[in-house]
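First up is the structure itself, then whatever we jot down about it.
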Amino acid sequence: MTALSEATPPGHGGRRLFDRVTRVRELGIVLALAALFGVTGAVNPTFLSFGSIRDILLNSAIVAMLAVGQTLVIVTRNVDLSISSIVGLTGFGGALVLADSPAVPIAVVIAGCVALGVVCGAINGLLVGVAKVPALVATLGTLYAFRGIDYAWAGGRQVNAADMPESFLSLGSRSVLGLPLLALVALIVLLAVGWMLRNLRAGRELYAIGSNPDAAVLAGIQVRRRIMTAFMANGALAGLAGVMWAARFGTVDATVATGKELDVIAAVVVGGVAIFGGSGTVFGAALGALLLTGITSALAVLRVDALAQTAINGALLIAAIVLDRVLALRVAAALRRRRYRDAR
Amino acid sequence: MAVLALSDVSKSFGAVRALRGVSLKLEAGEAHALAGENGAGKSTLVKILSGVHRPDTGQILLNGSPVTFGGPADARHAGVAVIYQEPTLFPDLSIVENIFMGRQPRTRFGRIDRAAMAEQTGRLFAGLGVELDPEQAARGLSIADQQLVEIAKALSRDAKVLIMDEPTAALSGNEVARLFGVVKALREQGCAVLFISHRLDEIFELCQRVTTLRDGTPVAEDLIADITPDDLVRRMVGRDLDALYPKQDGVPGEVALEVHRLTREGVFTDVSFRVRRGEIVALAGLVGAGRTEVVRAIFGIDRQDAGWVEVGGRRLRPASPTAAMAAGLALVPEDRRQQGLVMDLSIDRNIALAGLAEVRRGPLISRAAEHARAQDWAVRLRLKFARLSDPVGVLSGGNQQKVVLAKWLARKPSVLIVDEPTRGIDVGTKAEVHRLLSELAVGGMAVLMVSSELPEVLGMADRVLVMHEGRLVAELPRASATEESVMSAATGRTAA
């Protein structure tokens, strides 16, 4: 159990040990975030200004939302590499409709993009859940396929901000109660998905599937349907992210979000979601996205070479995974010892 | 009318006919035992009743009318609860979540009702006398604790039919007594129970009726009151035991393998023993006692925390299978599909795999040498195959096991370790494997055999070492090793 919001019941040593270690996963990110803001703020106080923090939130909103969706999939011991292509397809498609058919209401365009994302997710879900193609391969395939459709649709065309209605573009820059709208949307998605994963049967069953797929079948869980749902929900969020991308950046072509899937998976893993499924929370994943974006911003403020930033992100990712692995081994060894002591 | 019944059910897996024409009736308020040796088809029958497998022919009858279980969920909705032989827990989730997964109580708004879950778990644990923290994650629980969680899971279901596939294998006497108390209460409330156990005394204590399976075929259905344990054993075995265990007496020679105070914390402790050339030593014990772990450490797969292993008087480098092989050790692992064979690779290539250095011509592997080596061993072990170039996966379980044996025997080891050498293979091949082991021992090889089958242990071993919870608790020479003496040591009833 790794949910941040969970209270610690007074309990046995094993429980406390587990709690502490699993908590550290998310606590670690919070500490890293604190250190990041502290150090960077000390060097350059403007980093902590309202405008700067607002920018970081805005920049991390899309990745955070994708990380939330990706967590749904990774928790089931799968992965979705195709999200960047879904973002590209829906982002470009949405922008194109807005530019060419101004009569279509914005809400319908958004709904259409989400629906398109769901369709893409359903294709992934069918390949992985029903046809039993390993997720890594299936979604690598759809990564190219969706992007190919995107290219064919665009035919080299680019949609500029000037082609889209102002009321749509303002969604990307507007603030509500001092928070950027996009960050607010991501936050609402985060809270909703986090609540569902924790409190609904469907949510817990995703963890069960990732934790022990065979046992999930024996427990009567509709594994296929759940995996389908996870991919479709992830697709829906990618569709929403596509619209957000178009609103935020204004200029979109067929290459939108290329390569973004790796940033998202990095955020998820840094956020303490086990890459082999079964544990981790969307809150951790969102924090991971915030941390990676924060580092990018901080490095810019600290005038670190932009080229070095990628390397630093990579190092951080490896550090997170190594830490995760070391902790897991420690826990295993500690439990082994404890059993050994109990047995005596 | 029976709550749940099987009518003339057959099931095959590839060429293996697991069940043939089995009929079985589970009546409300009755505990029905299923007896039979390993491989008799008991677990397959359980999996058909629980919706994991579908019968090839025959019917499942629920309250007299035919039903089709499309999966475990269907069986569960029909009121069938199963305690499987192997625990099927979710390591990342808490015990409470494990118990209620897939059918958590919900509040009116669809939210999981954690308070209700905690309350029901508390009651279940109190009834079973379990003292586990329900919020603890399932990862790291001992086998016995996992089994208790499985039991709580099944009992939480208000089942009409409770199926228990060796639920007591890892439990202590107290835990078994409490389990039986709960099961008897359920039975009296009208629950139908199907019970599988290797411990005959448990069958006689709990059940009213017993069906015996042999090689997938039902051989008898009796009222417990009408028969004795000896009758039951005769029905289960139904053949001459001596032919199945053709043990010749070897002459023990020098010590080939010495294990000195081997310890891996939390897994096994202070294990010391010797195996001489010409003898077969069996390592017996319950599942989870640490036997496989000990042989893994001897062979260098896992690192020991303390102690050492000597082969032919020379100490072995720890945690190095390469060193173990060079010293003359061979290990035929427990799980031949995962650990013993490359299923898609041909028979001859599998046989050559452990001795590639010997089939080399310069930097390349010689197909001719590989083939010759395989041909030689295939004949010696009477392997049944179409072509040596066929993938190993097409062979029957028994013949696959012979391929694993051939792979290691081709290296001419001085010490052969076999882990569950006859698990899941047919009776005929079983006898052949036993004859082979016996011949190897007589020929001067030291054989260490891990086996969960008591008749095999008693029939084949010159000495029996018994493990209980990670410790070696008894060493019994062939003459004094009996089913009772081995089992009482394995369940910890006698002091070391």
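Whenever a residue of region A:277-292 is more than 15 Å from A:L57 (Cβ to Cβ), its partners that are assigned to a helix (DSSP H, G or I) and modelled with pLDDT under 90, lying with C-beta atoms within less than 8 angstrom and at least six residues away or across chains, give the pairs A:S279/A:T22; A:G280/A:R25; A:T281/A:E26; A:F283/A:E26; A:G284/A:R25; A:G284/A:E26; A:G284/A:I29.
This table checks each residue for (1) modelled with pLDDT of 85 or more; (2) open to solvent by 20 Å² or more (accessible area, probe 1.4 Å); (3) touching a strand residue (DSSP E or B) at 6+ places or on another chain (Cβ under 8 Å).
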| site | (1), (2), (3) |
| --- | --- |
| B:E420 | yes, no, yes |
| B:P455 | no, yes, no |
| B:G470 | yes, no, yes |
| B:A481 | yes, no, yes |
| B:A496 | no, yes, yes |
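Starting from residues that are in a strand (DSSP E or B) and farther than 20 Å from B:P413 by Cβ, keep the ones in region B:359-376 and report whichever is most open to solvent (accessible area, probe 1.4 Å). Ranking the candidates gives B:R361 first.
The condition (being over 22 Å from B:P246 (Cβ atoms), within 18 Å of the chain's Cα centre (by Cα), away from chain A (no Cβ under 14 Å) and aliphatic (A, V, I, L, M)) is satisfied by just one residue among B:V450, B:V466: B:V466.
Selection of region B:451-490 for residues being touching a residue at least 40 places away in the same chain (Cβ under 8 Å) and of a type in the set (V, I, T) yields B:V457, B:V464, B:V466, B:V486.
Looking only at region B:377-386, residues that are in contact (Cβ under 8 Å) with a residue 40 or more places away in the chain and open to solvent by 50 Å² or more (accessible area, probe 1.4 Å) come to 1 in all. Condition check: buried (at least 20 other Cβ atoms within 10 Å of the Cβ) and closer than 18 Å to B:L206 by Cα. Does B:M164 satisfy that? Taking the combined requirement at face value, the residue satisfies it. Each residue in region B:183-200 was checked for being surrounded by 18 or more Cβ atoms within 10 Å (Cβ to Cβ) and part of a helix (DSSP H, G or I), and 4 of them qualify.
Does region A:269-281 contain any residue that is crowded, with 24+ Cβ neighbours inside 10 Å, away from chain B (no Cβ under 14 Å) and not small (G, A, S)? Yes, the conditions are met somewhere in region A:269-281. So which residues in region B:1-18 are open to solvent by less than 40 Å² (accessible area, probe 1.4 Å) and more than 17 Å from B:A75 (Cβ to Cβ), if there are any at all? Those that are open to solvent by less than 40 Å² (accessible area, probe 1.4 Å) and more than 17 Å from B:A75 (Cβ to Cβ): B:S10, B:A18.
Could you list, in sequence order, the residues of region B:476-491 that are part of a loop (DSSP other than H, G, I, E, B) and under 19 Å from the mean Cα position of the chain (by Cα)? Break it down stepwise before answering.
Taking region B:476-491 and keeping what is part of a loop (DSSP other than H, G, I, E, B), we get B:481-482, B:491.
Once the filter is applied, which keeps residues that are part of a loop (DSSP other than H, G, I, E, B) and under 19 Å from the mean Cα position of the chain (by Cα), region B:476-491 yields only B:T491.
Selection of region A:213-227 for residues being at pLDDT 90 or above and either under 20 Å from A:R157 (Cα atoms) or open to solvent by less than 40 Å² (accessible area, probe 1.4 Å) (or both) yields A:A215, A:A216, A:I221, A:V223, A:I227.
B:K47 fulfils the conditions (1) within 21 Å of B:K153 (Cα to Cα); (2) of a type outside the set (A, V, I, L, M, F, W, C); (3) in contact with a strand residue (DSSP E or B) (Cβ under 8 Å, 6 or more places away or on another chain) except for a single criterion, (3). Within region B:59-78, the only residue that satisfies the criterion of being touching a helix residue (DSSP H, G or I) at 6+ places or on another chain (Cβ under 9 Å) and closer than 18 Å to B:T211 by Cα is B:I60.
Of all residues in region B:127-166, those that are β-branched (V, I, T) and assigned to a loop (DSSP other than H, G, I, E, B) total 1. Which residues, counting only those in region A:161-215, are among the charged types (D, E, K, R) and within 14 Å of chain B (Cβ to nearest Cβ)? Matches in region A:161-215: A:R198, A:R201, A:R204, A:E205, A:D214. From the list B:E86, B:E37, which residue is under 20 Å from the mean Cα position of the chain (by Cα), within 24 Å of A:N212 (Cβ to Cβ) and modelled with pLDDT under 90? Among B:E86, B:E37, only B:E86 is under 20 Å from the mean Cα position of the chain (by Cα), within 24 Å of A:N212 (Cβ to Cβ) and modelled with pLDDT under 90.
Here is a yes/no grid of residues against (1) more than 23 Å from B:S451 (Cα to Cα); (2) modelled with pLDDT of 90 or more; (3) touching an Asp or Glu at 6+ places or on another chain (Cβ under 6 Å):
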site: B:R314; (1), (2), (3): yes, yes, no
site: B:L331; (1), (2), (3): no, yes, no
site: B:R349; (1), (2), (3): yes, yes, no
site: B:V359; (1), (2), (3): yes, no, yes
site: B:G362; (1), (2), (3): yes, no, no
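Just one of the numbered conditions (1) within 14 Å of chain B (Cβ to nearest Cβ); (2) part of a loop (DSSP other than H, G, I, E, B); (3) modelled with pLDDT under 90 is not true of A:L335: (2). Among the residues of region B:127-148, just one is in contact (Cβ under 8 Å) with a residue 60 or more places away in the chain and buried (at least 22 other Cβ atoms within 10 Å of the Cβ), namely B:Q147. Checking the stated criteria, B:A169 turns out not to satisfy the condition of being hydrophobic (A, V, I, L, M, F, W, C) and in a helix (DSSP H, G or I). Answer with yes or no whether A:L200 is closer than 30 Å to B:G79 by Cβ, among the hydrophobic types (A, V, I, L, M, F, W, C) and surrounded by fewer than 20 Cβ atoms within 10 Å (Cβ to Cβ). When the stated conditions are applied, A:L200 passes them. Put simply, of A:L66, A:L81, A:L96 the only residue that is in a helix (DSSP H, G or I) and open to solvent by 10 Å² or more (accessible area, probe 1.4 Å) is A:L96.
Here's the yes/no breakdown for (1) under 30 Å from B:T121 (Cα atoms); (2) without any contact (Cβ under 8 Å) to a residue 12 or more places away in the chain; (3) out of contact with any strand residue (DSSP E or B) (no Cβ under 7 Å at 6 or more places or on another chain):
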{"residue": "B:A169", "(1), (2), (3)": "yes, no, yes"}
{"residue": "B:S172", "(1), (2), (3)": "yes, no, yes"}
{"residue": "B:F195", "(1), (2), (3)": "yes, no, no"}
{"residue": "B:E202", "(1), (2), (3)": "yes, no, yes"}
{"residue": "B:G238", "(1), (2), (3)": "no, no, no"}
{"residue": "B:Y245", "(1), (2), (3)": "no, no, yes"}
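Checking the condition out of contact with any strand residue (DSSP E or B) (no Cβ under 6 Å at 6 or more places or on another chain), under 14 Å from A:S173 (Cα atoms) and in contact (Cβ under 8 Å) with a residue 24 or more places away in the chain, which residue from A:N59, A:N44 passes? Checking each option against the conditions leaves just A:N59.
The values are calculated or read from the model by the stated rules, or taken from the named source; none is laboratory data. Given the structure is predicted, the values throughout are model-derived calculations rather than measurements. With ideal geometry, Cβ positions are generated from the backbone for all residues, glycine too; neighbour counts draw on all protein chains shown. What goes into the accessible areas is simple: the full protein's heavy atoms, side chains included, and nothing from ligands, DNA or RNA. Shrake-Rupley method; radii C 1.70, N 1.55, O 1.52, S 1.80 Å.
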